[in-house]
Ligand code: ATP
Ligand code: MG
């Protein structure tokens, strides 16, 4: 009998990817016995970009660096190949076509993102393409009754995963990087090294750092 493939699909801006992302992906992999988790960095609306955010190619590289040590993690650039805005429905349709009708596709998302699910593009159809793994997020209360009122049937299609609850967010990391506060041990070492090497998020690039120290 053929084994049904269970594939986790994990969309996010990953700007930058952090240990919260990796820990919840690993928890979902273990809790749902997933064969693999595919990270899918999202394209960003050009008007939302500024010097404190990273462009798509850099976010893709950082996501690859972060995932390289886990054989169950892979990274897809499918959303970055399409015109902005790219919708999750299109991504799921792509993976459904790739893995076939029998694969079990599970979209992984945090509780904050799950609250918005009813407002996602073609949300009802989305439910027919995948199930959802919703990971609790510190400080976020998800009201399942309300969610089911807004998107009937969704609660049957989702599994709540309790942890680990890590108070790490990319917004806070971007703020910390811009103000010189520490971020080590909240993001993978290789990602931190990449951020420093390329002067992302307002961190002084090596060239600038050298110039300022030689001025002493
Ligand atoms: P930002 O602050 O820029 O929104 P973020 O930390 O929320 O960044 P995203 O790339 O927006 O990261 O998140 C991708 C997905 O991961 C979303 O579904 C989000 O809910 C979830 N997520 C991110 N961080 C955590 C966390 N610490 N715990 C649980 N879920 C998380
Ligand atoms: Mg977010």
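The values are calculated or read from the model by the stated rules, or taken from the named source; none is laboratory data. Since we're looking at a predicted model, the values are computed, not measured. Using ideal geometry, Cβ is built from the backbone for each residue, glycine included, and neighbour counts are taken over all protein chains shown.
When residues in region 176-193 are screened for being touching a residue at least 40 places away in the same chain (Cβ under 8 Å), more than 18 Å from residue 27 (Cα to Cα) and part of a loop (DSSP other than H, G, I, E, B), 1 of them pass. Just one of the listed residues (131, 149, 175) is within 29 Å of residue 54 (Cα to Cα), more than 8 Å from ligand 1 (Cβ to nearest atom), surrounded by fewer than 17 Cβ atoms within 10 Å (Cβ to Cβ) and modelled with pLDDT of 95 or more, namely 175.
Scanning region 68-88 for residues that are at pLDDT 95 or above and either farther than 15 Å from residue 14 by Cα or in a loop (DSSP other than H, G, I, E, B) (or both) returns 68, 69, 70, 71, 72, 76, 77. The conditions of being surrounded by fewer than 21 Cβ atoms within 10 Å (Cβ to Cβ), in contact with a strand residue (DSSP E or B) (Cβ under 9 Å, 6 or more places away or on another chain) and either assigned to a helix (DSSP H, G or I) or modelled with pLDDT under 95 (or both) are met by residue 4. Every condition in (1) within 16 Å of ligand 1 (Cβ to nearest atom); (2) surrounded by 14 or more Cβ atoms within 10 Å (Cβ to Cβ); (3) under 28 Å from residue 53 (Cα atoms); (4) modelled with pLDDT of 95 or more holds for residue 185 except the one numbered (2).
Can you pull out the residues in region 153-175 that are away from ligand 2 (no atom under 16 Å from the Cβ), out of contact with any helix residue (DSSP H, G or I) (no Cβ under 8 Å at 6 or more places or on another chain) and either at positive phi or part of a helix (DSSP H, G or I) (or both)? Hit for region 153-175 is 156, nothing else.
Hey, any hits in region 113-120 for a residue that's more than 13 Å from ligand 1 (Cβ to nearest atom), surrounded by 15 or more Cβ atoms within 10 Å (Cβ to Cβ) and more than 22 Å from residue 27 (Cβ to Cβ)? Yes, region 113-120 contains a residue that is more than 13 Å from ligand 1 (Cβ to nearest atom), surrounded by 15 or more Cβ atoms within 10 Å (Cβ to Cβ) and more than 22 Å from residue 27 (Cβ to Cβ).
Does residue 61 fit the bill of being closer than 15 Å to residue 127 by Cα and either surrounded by fewer than 20 Cβ atoms within 10 Å (Cβ to Cβ) or touching a helix residue (DSSP H, G or I) at 6+ places or on another chain (Cβ under 9 Å) (or both)? So residue 61 does not fit the description; no. Report yes if residue 23 is more than 19 Å from residue 91 (Cβ to Cβ), within 16 Å of ligand 2 (Cβ to nearest atom) and outside any loop (DSSP other than H, G, I, E, B), otherwise no. Here the answer is yes, as residue 23 does meet what is asked.
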